[in-house]
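K.L.:
My questions all concern the structure below.
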Amino acid sequence: MRLAEADCTEGCCGALYVTIERRGDEVIWRDWHNPDRAGLDLPTVRFDAAQYDAEINRAENDHSWEWPDRTVARLLRARLRQHPDLLGRWDCHLGWVAARPDDQGRVHVSYFYPNQPAGVEGLWLQFVVVIDLPAGRP
């Protein structure tokens, strides 16, 4: 599972991965890995599975911490994932959607052309559109 990725991309400045395993009534995080840094030495962490599931559910459904731009980014990401044809009609696919705390009033949308199947090598382009948001409710 990738927990974090550098703002520029994993291929540039790395990412943080962990293997998450459910074993009986326990969830285990082990084998930490950063492709950009050999020998990452983080400890194995164990969680009670019921508490882990409850916390994941709570975190997925708690949006109280979001600022308006972040809410727009979450809703736009969900809409574009639900309707891949919106970008697909131009042979494009969604990359990421982000609202940055240091760039208030904007949402950044990344998409790729062409829309190649996973694992296919070849040339592609990444575009980033910056959308200025009006003040007010998301």
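K.L.:
Only one residue in VAL120, VAL128 is modelled with pLDDT under 90 and either among the charged types (D, E, K, R) or more than 25 Å from ASP62 (Cβ to Cβ) (or both). Which one?
P.N.:
The conditions single out VAL120.
K.L.:
Ok, one more. When you look at ARG37, is it modelled with pLDDT of 90 or more and charged (D, E, K, R), yes or no?
P.N.:
For ARG37, the condition - modelled with pLDDT of 90 or more and charged (D, E, K, R) - is not met.
K.L.:
Would you confirm whether any residue within segment 3-12 is within 30 Å of PRO134 (Cα to Cα) and not in a loop (DSSP other than H, G, I, E, B)?
P.N.:
Yes, that holds for at least one residue.
Here is a yes/no grid of residues against (1) hydrophobic (A, V, I, L, M, F, W, C); (2) at pLDDT 95 or above; (3) exposed (fewer than 12 other Cβ atoms within 10 Å of the Cβ):
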residue: ILE20; (1), (2), (3): yes, yes, no
residue: VAL27; (1), (2), (3): yes, yes, no
residue: LEU42; (1), (2), (3): yes, no, no
residue: ASN57; (1), (2), (3): no, yes, yes
residue: LEU75; (1), (2), (3): yes, yes, no
residue: HIS108; (1), (2), (3): no, yes, no
residue: ASN115; (1), (2), (3): no, no, no
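K.L.:
Go through (1) farther than 30 Å from GLY105 by Cβ; (2) out of contact with any strand residue (DSSP E or B) (no Cβ under 6 Å at 6 or more places or on another chain) for ILE28 and report which single condition fails.
P.N.:
It fails just one condition, (2).
To keep it simple, each residue is scored yes or no on (1) over 28 Å from LEU123 (Cβ atoms); (2) of a type in the set (S, T, N, Q); (3) more than 18 Å from the chain's Cα centre (by Cα).
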position: ASP53; (1), (2), (3): yes, no, yes
position: TRP65; (1), (2), (3): yes, no, no
position: VAL72; (1), (2), (3): yes, no, no
position: LEU75; (1), (2), (3): yes, no, no
position: ALA99; (1), (2), (3): yes, no, no
position: HIS108; (1), (2), (3): no, no, no
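K.L.:
Just to be sure I understand, how many residues within segment 77-96 are in contact with a Ser or Thr (Cβ under 8 Å, 6 or more places away or on another chain) and either open to solvent by 90 Å² or more (accessible area, probe 1.4 Å) or among the acidic types (Asp, Glu) (or both)?
P.N.:
The qualifying residues number 0.
The values are calculated or read from the model by the stated rules, or taken from the named source; none is laboratory data. Not measured: the values here are computed from a predicted model. All Cβ positions, glycine included, derive from the backbone under ideal geometry; neighbour counts span all protein chains shown. All accessible areas refer to the heavy atoms of the entire protein, side chains included, with ligands and DNA or RNA removed. Shrake-Rupley method; radii C 1.70, N 1.55, O 1.52, S 1.80 Å.
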